[in-house]
Each structure stands twice: as structure tokens, then as C-alpha cells.
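Structure, as C-alpha cells:
The values are calculated or read from the model by the stated rules, or taken from the named source; none is laboratory data. As the structure is a computational prediction, the values presented were derived from the model and not from experiment. Because the Cβ atoms are built from the backbone with ideal geometry, glycine has one as well, and the counts that use them run over all protein chains shown. Just the protein is used for accessible areas: all its heavy atoms, side chains included, with ligands, DNA and RNA removed. Shrake-Rupley method; radii C 1.70, N 1.55, O 1.52, S 1.80 Å.
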Amino acid sequence: MKRFIEYMLPPAKSPTAEITDALFYFINVASLIFIISITAAIIWFAWKYRRKSDDEVTPVISHNSKLEITWSVIPLILVMIVFAWGFQGYVNLRTVPSDAYEVRVVGKSWLWEFHYDNGNVSINELHVPVNRPVKLIMSSDDVIHSFYVPDYRVKRDVLPNRYSSLWFEANETGESVVFCTEYCGRAHSNMLATVIVHEQEEFETWLASAGAANDDMDPVERGEQLTNQYACVTCHSVDGSEILGPSFQGLFGSERTLASGETVTADENYIRESILEPNAKLVEGYDPVMPAFAGSLNDRQVDAIIEYIKTIE
Ligand code: CUA
């Protein structure tokens, strides 16, 4: 039975999962019992009451109160059980423990940005401490996204101009996948993130050092690291191929025709503006889909990305 359960759902890694799983199995097992018994009864009756001679007449039955009450009351009881159980689960998911660690989540086409209480930001990686409730306060910069962590059995829509929230408590260290489960455009399927669960102390260390830590690196190497970390490469290739945005290859110093008809040279200022406020000078032939990175990247990080782009010829 345990094997079967593990086959049906991924391992549950948060107490928020318990009630969801129990209800999931109850509904599935009840449905299975009913579908098997009803199918068997249909086959049995079809065979037992088949027409046996040419002059056989079907008896006229108008109703059967006992039977009708039975087949109304049994489903009613089942539906009430599912409702009460489901409502309890809903209340659990909506009642955030008061000692929860809060993280701000911003969904952008097509990445997840996480802001921590000390001002640090991480992209596509949510770092959390183990065995401590975590509350996510989420909103979107553009269209509707949906934040889903199968291991924790939590999923909630992420909306523009409005906060939504959810909570979970990771009860083992390791990694879990985050999916976007609301179709949000061409790179929807690439909108993935990882929850990285640390021991409490390790988490404190990560939080204190994250963000600024690597700013002393060689700018080109740092720039390459940032384009991966900030998911630039989800849309911008480095080999000249077109994904969703212009390739980084040969970008620096090239002439760009803007949607306004104006021609500009892709110099440092142009690239800087394109990162911080990408839709201010939209290149002809591209949709205004890139999220703005003003407030997410500091000046040294922008410098490093420009230095890196310069080297891709
Ligand atoms: Cu974001 Cu789909």
C-alpha cells in the first residue's frame, strides 16, 4: 500500500500536505469502489434480465422509493464528508502560523523573484530554513502566474496589482521544484524555480552573504553568472539564435532599429537602459514582454552584465 501511495503522489515534505493527501486518496478510493461496483452491476443486470423469449414483455415500474432514497442519501453523506474535510484543509492552508518567516515573491514573465527581509533578492531560487513555517506574499509584475510546489501541495495564483499568499513548512533539507501553473506566454513552461531548504544556521549564513557576495569577482565571469542567475538566457541566446529576445551575440556596438523608427547604437547606456527599463526603447519586431530589472540589480551587477555582453562576439 505504501508503495502504491508513493507511486501516486510525490513524497510529502510539508505538514500542509497531510490533509490534502488524505482527501485525495479518500476521493480516489471511493470513486474506484463505486465505478467497479456500478460497472459490475450493469453487466450483471444486462445479463440476468436479458430478453429470453419473443413474447416477453418488460414490466412497467414507475418508481421505487426505498431505492431512490438510498441512492440519494449515500452520495449526500459522501459529499458532506468531502466538504467538511476539504473545508478543514482550506482553513489550515489559509491560517498562517504567527511565527512564519515572510518572503516576498514577484512573478515576472518568465522568472520568479524572491525578496528577503534583509533586502536580498534571489531569482528562481527560494532559500528557506527547515522546520519553520514560511509565508509567501506574492504578486505579479505583468500577467497572471501561479505558484505551485507539488512537494508541499500548495498552489496559488499570483496576480498583478494584488497580493496573494500561501504558507508551507519544509520538514527536510534538500530541493523541491516550483512550477508556474497558469499559462502566461511563450516561455511559460520555462518558468521554473527551486526551493532550497537549509538548516537554520546555514540559512542565516546564506542570507547574510547572498547578493553582494560575488561582486568582487572578475566582471565578465560575474556577468555570465548573473545572466544565468537572473534567467536572461531564458530569452536571450549567446550563440546568435533567436529565442524570444535579441541574441547577446554581436549585440554590443550593433545598430538597432527601434519600434519608433529611430536607429540607435547598442552602447553601454543603451544596454543599461534595456536591462532596467526594457520597454522604454523597444526594438522593432519584438513584443514588450521583458520585465524591468530596476530595483532588482545594483549598478555593479549591471556593469558586470554589460562587460559580459561585450565579450560575446
Ligand atoms: Cu508564469 Cu506560466
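Summary table
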| read-out | value |
| --- | --- |
| Surface accessible to a 1.4 Å probe, per residue, for the residues of the stretch 17-100, Å² | 84 |
| Mean Cα-pair separation over length for the stretch 216-310, i.e. relative contact order, pairs under 8 Å, 6 or more apart, % | 34 |
| Bins of 20 Å, starting at 0 and running to the largest distance - Cα pair percent for the chain | 25, 42, 21, 10, 2 |
| Selected from Ile69, Ile137, Ile61 as most flexible by GNM, with the chain as the system and alpha-carbon contacts under 10 Å | Ile61 |
| Charge dipole (debye, nearest 20) of the chain; +1 at Cβ of Lys and Arg, -1 at Cβ of Asp and Glu | 2240 |
| Fraction of beta bridges assigned by DSSP in the stretch 42-172 that are antiparallel (%, nearest 5) | 70 |
| For the stretch 256-313 and the stretch 1-75, distance of Cα centres in Å | 60 |
| For the stretch 209-293, accessible area per residue (1.4 Å probe, heavy atoms of protein chains only), Å² | 51 |
| Span-like helix ranges in the chain, DSSP H, alpha carbon extent 27 angstrom or more, Kyte mean at least -0.5 | 16-48, 65-94 |
| Over the chain, relative contact order from alpha-carbon pairs under 8 Å, at least 6 apart, % | 15 |
| Cβ crowding within 10 Å averaged over residues, with 156-163, 145-152 ranked highest first | 145-152, 156-163 |
| The chain, helix-only ellipticity at 222 nm - DSSP H runs n ≥ 4, -39,500 (n - 2.57), divided by all residues, nearest 500 | -12000 deg cm²/dmol |
| Sequence ranges 225-234, 30-39, ranked by mean other-Cβ count within 10 angstrom, highest first | 225-234, 30-39 |
| The stretch 101-209 - Rg over Rh from alpha carbon coordinates, Kirkwood radius | 0.95 |
| Per-residue SASA entry for Leu192, accessible area with 1.4 Å probe, Å² rounded to 10 | 70 |
| DSSP-defined beta bridges in the chain - what % are antiparallel, rounded to 5 | 70 |
| Quarter of Cα convex hull surface for the stretch 235-281, i.e. mean projection, nm² | 3.2 |
| Overall Cα dimensions of the stretch 216-310 - principal axes, largest extent first, Å | 40, 27, 22 |
| Solvent-accessible area, 1.4 Å probe, carbon plus sulfur percent, for the stretch 83-196 | 49 |
| Mean shadow area of the stretch 1-139, taken as a quarter of the surface of its Cα convex hull (nm²) | 15.6 |
